[in-house]
Every structure is written in C-alpha cells, then in structure tokens.
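The values are calculated or read from the model by the stated rules, or taken from the named source; none is laboratory data. Keep in mind that what you see is a predicted model, and the values were worked out from it rather than measured. So basically every Cβ, Gly included, is an ideal-geometry build from the backbone, and we count neighbours across all protein chains shown.
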C-alpha cells in the first residue's frame, strides 16, 4: 500500500476513539504493505481476511461476498486498495456492513486514479460520489464522510442498525 492510502486509513480510523476494538481487514493479502501494525499500535485486535491465502491472511474466505463470521462480529471493518479488485462491489459493501456491530465503523480506501494492476483482476476506479452511493444503498450507515485525495477515495461511516 502506498503512503496516501495509509494516511487516509489512519485519519478515518481516528473517528473511533475506542480503547479496544476488534478489526477485520478485508483484502489483507500483503502484496505492498499491511494495516496490521496501524491497528495493533492502537491496542486493537486485528484479523486479516482475503479470498487467497498468503502473507497477513488469518482467514481465507471461500465466497467473495459471504464471509465466515456472524452478523455484528466486529467493531471496525477496514479495506484498503481492495475494492478495485472486487467484481460486484454492490454486493460487497453490504457484506462489510453486515459484519459491523451497531455503532461500528467501516473504512474503505480505493483508488480513483491509478494504473491497472491485476490481482487477479482490476475492475473499478471510485470517486466520492460513487462511494457515497454504495454506502447509501445499504441504508445502514450514518455520519458518513467521503474524501478524495491525490489518487485515492476514502469513505467511512458508522453502522446505525
């Protein structure tokens, strides 16, 4: 992951002032860096999930839109530099929200400009309005913030129901 993505994740995780939290990082396969240290330095418990096994993956999901956890299993769900590799993002965002407890925080960082990088496919570039539309479609997130920087867009929001 690049510096901007890490900065955006750090900033938006700062919206949650909890002393302890359980965090699921969706798309955690470490090809270019990980959010593990960022999460663990806050004293939070980190779990990495991906659809492929490899470095920084604690749980391998058999299905790309149905993860092996119960509803509300996590305080925080994060994903960085993964959304562009998810074919059906309109199915994926609701699954991330499902995993959040009431009041839990979702943070998604995705490129809006970046070169094509197949891992194994590269489908999307996301602008703030697109991220807002996906978040709004869940009808489950509130106090959402969306931001566009040099090459990335970030969306964050808290689960209300």
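Results, tabulated for the structure shown:
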| quantity | calculated |
| --- | --- |
| Residue 38 touching a strand residue (DSSP E or B) at 6+ places or on another chain (Cβ under 8 Å), within 24 Å of residue 126 (Cβ to Cβ) and buried (at least 16 other Cβ atoms within 10 Å of the Cβ) | no |
| Residue within segment 98-116 that is in a helix (DSSP H, G or I), touching a strand residue (DSSP E or B) at 6+ places or on another chain (Cβ under 7 Å), surrounded by 20 or more Cβ atoms within 10 Å (Cβ to Cβ) and modelled with pLDDT of 95 or more present | no |
| Residue within segment 68-89 that is farther than 25 Å from residue 15 by Cα, within 13 Å of the chain's Cα centre (by Cα) and in contact (Cβ under 8 Å) with a residue 24 or more places away in the chain present | yes |
| Considering residues of segment 120-152 that are in a loop (DSSP other than H, G, I, E, B) and surrounded by 14 or more Cβ atoms within 10 Å (Cβ to Cβ) only, the residue nearest to the chain's Cα centre (by Cα) | 126 |
| Residue in segment 17-35 that is farthest from the chain's Cα centre (by Cα), counting only those that are more than 21 Å from residue 97 (Cα to Cα) and surrounded by fewer than 15 Cβ atoms within 10 Å (Cβ to Cβ) | 19 |
| Top-ranked residue of segment 2-16 - restricted to ones that are under 19 Å from residue 96 (Cβ atoms) and crowded, with 17+ Cβ neighbours inside 10 Å, ranked as modelled with the lowest pLDDT | 5 |
| Among residues of segment 74-94, those that are over 11 Å from residue 26 (Cα atoms), surrounded by 14 or more Cβ atoms within 10 Å (Cβ to Cβ) and out of contact with any helix residue (DSSP H, G or I) (no Cβ under 8 Å at 6 or more places or on another chain), counted | 4 |
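Residue by residue, here is whether (1) buried (at least 17 other Cβ atoms within 10 Å of the Cβ); (2) closer than 18 Å to residue 152 by Cα; (3) touching a helix residue (DSSP H, G or I) at 6+ places or on another chain (Cβ under 6 Å); (4) touching a residue at least 40 places away in the same chain (Cβ under 8 Å) holds:
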{"site": "50", "(1), (2), (3), (4)": "yes, no, no, no"}
{"site": "54", "(1), (2), (3), (4)": "no, no, no, no"}
{"site": "62", "(1), (2), (3), (4)": "no, no, no, no"}
{"site": "96", "(1), (2), (3), (4)": "yes, no, no, yes"}
